[in-house]
Amino acid sequence: MLVPSLFTDNFVNDFFNGAFDRTPSMFHATGSSLMSADVKEFKDHYELGLELPGYKKEDVTASLKDGYLTIEAKREANNDAQDDDGRYIRRERYVGTLTRSFYVGEEVKQEEIKAKFDNGVLDISVPKVDYKPEIETARNITIE
């Protein structure tokens, strides 16, 4: 006899192997199913769209260091459930961090990057910067 698990968010997964679960859960989804990214290229900039379902603006940070744009999302959840007598049916706690990094180039400045968070989607605009390699000049060695 199959018994639904108390340790997942959706008991249907136990019976149908996840066939009806189309929304990622922070308790059993893989990191790749959360914070999936779409990158679009335009003439003068790139646009990144990162999906963060269930996250709030306060949970998300973006930083630029050594040419890498890093997006980090932290979340904490507490699902306490009790029956009428106060006995625990299920107690789960979750604390987790998701991180994605994109190399945007060392020439990009932090103030040039624009970000907006709306309805669980983080939209980031990164300007294209022309890379200008240093031209190496010939240096003569003095011969004595």
Practice problem: Output the residue which, of all residues in region 35-76 that are among the aliphatic types (A, V, I, L, M), touching a helix residue (DSSP H, G or I) at 6+ places or on another chain (Cβ under 9 Å) and not in a loop (DSSP other than H, G, I, E, B), is nearest to residue 128 (Cα to Cα). | Solution: 64
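Quick check on residue 95: is it of a type in the set (A, V, I, L, M) and not in a strand (DSSP E or B)?
Details: of a type in the set (A, V, I, L, M): yes; not in a strand (DSSP E or B): no.
For residue 95, the condition - of a type in the set (A, V, I, L, M) and not in a strand (DSSP E or B) - is not met.
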Quiz item: Looking at region 86-130, which of its residues are among the polar types (S, T, N, Q) and over 24 Å from residue 54 (Cα atoms)?
Solution: 110
Self-check item: Selection count where residues are touching a Gly at 6+ places or on another chain (Cβ under 9 Å), among the aromatic types (Phe, Trp, Tyr) and either surrounded by 14 or more Cβ atoms within 10 Å (Cβ to Cβ) or outside any loop (DSSP other than H, G, I, E, B) (or both), scope region 102-144
Solution: 1
Exercise. May I ask you to list the residues in region 112-144 that are in contact with a Lys or Arg (Cβ under 7 Å, 6 or more places away or on another chain) and among the small types (Gly, Ala, Ser)?
Key: 125
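Read-outs throughout are calculated quantities, based only on the coordinates presented, and are distinct from any laboratory measurement. As the structure is a computational prediction, the values presented were derived from the model and not from experiment. A quick note on method: Cβ atoms are made from the backbone with ideal geometry, for glycine too, and the neighbour counts reach across all protein chains shown.
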